[in-house]
Amino acid sequence: MASALTAVTLLTGGGALAVGLQLATAPPALALDNGINLTPQMGFNNWNSTLCGDQFDEAMIKGIADAFVDKGLKAAGYQYVNLDDCWALPERNAAGDLVPDPVRFPHGIKALADYVHGKGLKFGIYSSAGDHTCDVRGFPGGLGHEQQDARLWASWGVDYLKYDNCHNQGLDAKTRYRTMGDALKATGRPILYSICEWGSTGPWNWAPSVGNSWRTTGDISDTWQSMISIAQANQGLAGYAKPGAFNDPDMLEVGNGGMTATEYRTHFSLWAEMAAPLMIGTDLRTAAPETLEILTNADVIAVDQDPLGRQGSVVSSEQGLVVMSKPLADGARAVTLTNEGSYDTTITATAQTLGIGGADSYTVKDLWSKKTTTGNGTVSATVPGHGTAMFRVTPSSPVPPPTGVTQLSDLPFGSAANQWGPVERDRSNGDHQPGDGQTISIRGTTYAKGLGVHAASDVAFHLGGACRSLVTDVGIDDEAYGNGSVVFRIYKDGAKVADSGTVTGKDPAKRLTADLTGATTVRLVVTDAGDGTRYDHADWAGAHVACGSGPATGTYPLSSLAWSSAGNSWGPVEKDMSNGDNQARDGRTITIAGTTYAKGLGVNALSEVVYYLGGSCTSLTTDVGVDAEANGRGSVSFEIYKDATKVADSGLMTASSAARHLTADLTGADELHLVVTDGGDGTNSDHADWANPVLTC
């Protein structure tokens, strides 16, 4: 069972604001600073259509490159033409180098890469972080040859590496993948690094700082059940996607013949909604017009390639009717209405549910039919079995942030003025080109989220009176090499509500908190402190707002409330039943050491479930334990967090442990985090229960 954990706002490591609870004590995984893949990669990989068949050869790859140009794929945004397994001979040469198969590739890999480059495209290759690749014939892997292979690929003009996980000798995944990542970086050539670890060790927790994307599941196959199961597993990881670092639910099967056109449209729609890599897996030389129509849908591709880099989140899921909402850079939302059942069903979602309630009116565009309407923001469609309707919903006026805790870097700017280059999201200011900043870092403390600016700077956000507070760290980024001096100020409408005083490049981060009750607009202003602006690279690090009201006064079974996010390593988080298998609603009665419970949450470590409280709740009580369906296996620990502070911990629990009772003081908390970690023996059978959790507000 793979591991999953949804990212959230919290305080970690010395009080630094960050994103990604990641077992609540580890620092967040940061995006790789190689300047590549600020939006998900788009291209072709041969594996799904050829495997290691004889048709996989130089002529095919050249034909694919030709098809990219001739059939409009390049114009639609696809750029990588990639080889998968079986391109090399089974043995390295006397110098230890990989050798291209001379039958498949008689002119070698460099000549093929040159051909692809000559079309204005990029070229990718495959290997494995083991001593052999995955094919049964056992082609040489990269383990122990990382620097040698990386140098060779760079000399050939390789632009992309897919790095698999076969024959890994049981060695630590992070070490194996980081070693190759370091080798790629050392070549000096920009090479997109696609980590294909299958989600085995929860790569979303560590891979963002190592590669540009990471596989979250095992291999896809050309069936509805395979595709939708992978989509379900990937949906819980929305919080980890960011520009330069994306969850990868595997390559596209569109056009390979195992699904219907309706199912393929669902496949393509969901991958775009999840900001997934769009790697075509069908032979484009013979692709049907219907296949090309799906693969080149400009409106759907624009959702995938939106520069905000956010993955859509599930906002409603009942009886196989799933609604996802994806924030877009212009303040719109991309929306998918998916019918996982077999019969036509009407699915409806309101603007409030989608997270953009409050506008006077909305423009709603159907991204498949292209029909555009204006209304109150409600989207509704009769969706066929296994189908998906997809819309872009654009408010006519600025809308307040959704209820919950939201990073400012995930909200549309009301305005953004900056002296040097654009205001950067989740990166330092860098130079004057968009996306050229690095990981936000203040005196060695790094942050996954925030805004990178350069004095003088003034960034405004529309709040619409919906928010309670803003919390942020501030400081001069380490890219200024200890130079610079600035002042950070926060304005609630026209009134100053926070002031950092002078901050220099040698100062640690400062924490600013601002009361935003009733504010229509918040402005973040940075000014020079008097020594000139040359080095005034300033960061609003981890800046986030808490908006909306929490639950009303009362006592609630937690499973009766809507969560803000829910991440799980095996199937979805279940309400009022055990975790079960990897399908929704397939659990059983919650049972811990023979005691049964009618209410609760069934999860599988690694897991995190987040609820927005809005400062209105006081306590949580719950029993916890390993569910009986684990059949005597599994070991976990349960942790409860009041915002960033751990307030309850079960300690290690095994399948033989009796239920333990936890009580947590939540007074004043914006968020409640329920975290389950592995006990150290892997996440297989870590079926864990929050049994009869009761929230008092």
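For segment 533-585, a residue qualifies if it is open to solvent by 50 Å² or more (accessible area, probe 1.4 Å), in contact with a Gly (Cβ under 6 Å, 6 or more places away or on another chain) and modelled with pLDDT of 90 or more, and the qualifying residues are TYR535, SER549.
ASP681 meets the stated requirement of being under 27 Å from PRO203 (Cβ atoms), open to solvent by 10 Å² or more (accessible area, probe 1.4 Å), touching a residue at least 12 places away in the same chain (Cβ under 8 Å) and part of a loop (DSSP other than H, G, I, E, B).
The residues of segment 206-219 that are crowded, with 20+ Cβ neighbours inside 10 Å and closer than 11 Å to ASP248 by Cα, listed by number, are ASN212, SER213, TRP214, ARG215, THR216, THR217.
List the pairs whose first member sits in segment 364-388 and is at negative phi, whose second member is assigned to a strand (DSSP E or B) and open to solvent by 70 Å² or more (accessible area, probe 1.4 Å), and whose Cβ atoms are under 6 Å apart, counting only residues at least 6 apart or on separate chains? Going by the 6 Å Cβ cut-off, the qualifying pairs are LYS365/THR372; SER380/THR348; THR382/THR346.
Going by the conditions given, is ALA498 of a type in the set (A, V, I, L, M) and either at pLDDT below 95 or open to solvent by 60 Å² or more (accessible area, probe 1.4 Å) (or both)? In short, no.
For the residues ALA349, ALA359, the requirement of being out of contact with any Cys (no Cβ under 8 Å at 6 or more places or on another chain) and under 23 Å from THR520 (Cα atoms) singles out ALA359. When the residues of segment 448-458 are filtered to those that are within 25 Å of the chain's Cα centre (by Cα) and at pLDDT 95 or above, which remaining residue is farthest from ASP531 (Cα to Cα)? Only one residue fits best here, namely GLY450. A single entry from ALA664, ALA655, ALA659 fulfils the requirement of being out of contact with any Asp or Glu (no Cβ under 7 Å at 6 or more places or on another chain) and either modelled with pLDDT under 95 or open to solvent by 20 Å² or more (accessible area, probe 1.4 Å) (or both): ALA655. Just to be sure, is GLY142 touching a helix residue (DSSP H, G or I) at 6+ places or on another chain (Cβ under 6 Å) and in a loop (DSSP other than H, G, I, E, B)? When the stated conditions are applied, GLY142 passes them. LEU161 meets all of the listed conditions (1) in contact (Cβ under 8 Å) with a residue 40 or more places away in the chain; (2) not in a loop (DSSP other than H, G, I, E, B) but one, namely (1). Going through (1) part of a strand (DSSP E or B); (2) open to solvent by 40 Å² or more (accessible area, probe 1.4 Å); (3) over 23 Å from TRP420 (Cβ atoms); (4) in contact (Cβ under 8 Å) with a residue 24 or more places away in the chain one by one, GLY518 falls short only on (1). Taking the numbered list (1) open to solvent by 10 Å² or more (accessible area, probe 1.4 Å); (2) among the aliphatic types (A, V, I, L, M); (3) under 17 Å from VAL399 (Cβ atoms) in turn, ALA381 passes all entries but (3).
In segment 250-262, the residues that are farther than 20 Å from ASN234 by Cβ reach residues that are surrounded by fewer than 24 Cβ atoms within 10 Å (Cβ to Cβ) with C-beta atoms within less than 6 angstrom, at least six apart or across chains, in these pairs: GLY255/ALA287; GLY255/THR291; ALA261/GLU290; THR262/PRO384; THR262/HIS386. How about segment 590-605: which of its residues are open to solvent by 20 Å² or more (accessible area, probe 1.4 Å) and not small (Gly, Ala, Ser)? Passing the criteria: THR591, THR595, THR596, TYR597, LYS599. Here is a check on your reading of the model: is VAL676 part of a strand (DSSP E or B), modelled with pLDDT of 95 or more and within 25 Å of LEU237 (Cβ to Cβ)? When the stated conditions are applied, VAL676 passes them. Does segment 330-340 contain at least one residue that is crowded, with 17+ Cβ neighbours inside 10 Å, under 25 Å from ARG585 (Cα atoms), among the polar types (S, T, N, Q) and touching a Pro at 6+ places or on another chain (Cβ under 9 Å)? Yes, the conditions are met somewhere in segment 330-340.
The values are calculated or read from the model by the stated rules, or taken from the named source; none is laboratory data. Just so it is clear, the structure is predicted and the values come from calculations on it, not from any experiment. A quick note on method: Cβ atoms are made from the backbone with ideal geometry, for glycine too, and the neighbour counts reach across all protein chains shown. To get the accessible areas, we keep the full protein, side chains included, count just its heavy atoms, and leave off ligands, DNA and RNA. Shrake-Rupley method; radii C 1.70, N 1.55, O 1.52, S 1.80 Å.
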